[in-house]
């Protein structure tokens with residue numbers, strides 16, 4: 001466990017450092033999603049700017065190209081669907097699944113996607129009004145961040161034989 005290395009660190013980068021691209025990608029993914037949620041009928045340009053930022057975040061995140069391409073459409077779609085209100089925050093589980101895919105977590109770590117599904121189902125049954133959206137987004141963000149870290153802990157604790165071989169990466 002002590003010699004575990006993030007799988008995406010072994011990917012050769014054509015520009016920037018791993019840390020720069022990781023931080024910038026993460027900030028753009030999260031910032032773009034938050035910006036999209038701030039849109040309303042009087043500020044529709046926020047949706048465009050947030051969507052572009054979200055897409056750019058996935059594009060620069062250090063990862064295999066095919067994983068980033070596969071992740072971007074469902075992630076952006078999920079973030080846009082959440083505009084409908086707290087009763088649909090369950091779709092943020094899709095964004096987490098995209099993160100798990102791009103970060104090259106082992107298959108067993110996908111179990112963490114059940115956490116935002118569970119919290120989203122609670123919101124769908126308890127919050128029908130858009131006024132509950134700030135609380136739903138805050139709690140959902142905490143669940144998503146915690147789930148992403150749990151997926152990493154699962155990856156770190158995975159037996160050596162269950163890791164993705166370097167030829168597949």
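For residue 101, state whether it is in contact with a helix residue (DSSP H, G or I) (Cβ under 6 Å, 6 or more places away or on another chain), under 19 Å from residue 26 (Cα atoms) and surrounded by fewer than 21 Cβ atoms within 10 Å (Cβ to Cβ).
Here the answer is yes, as residue 101 does meet what is asked.
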Looking only at the range 10-53, and only at residues there that are part of a helix (DSSP H, G or I) and surrounded by fewer than 12 Cβ atoms within 10 Å (Cβ to Cβ), the one that is modelled with the highest pLDDT: 19
Flag if residue 74 is modelled with pLDDT of 95 or more, in contact with a helix residue (DSSP H, G or I) (Cβ under 6 Å, 6 or more places away or on another chain) and within 24 Å of residue 47 (Cα to Cα): yes
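The values are calculated or read from the model by the stated rules, or taken from the named source; none is laboratory data. Here the structure is a predicted model, which is why all the values come from computation and not from measurement. Note: ideal-geometry Cβ built from the backbone for every residue, glycine included; neighbour counts use all protein chains shown.
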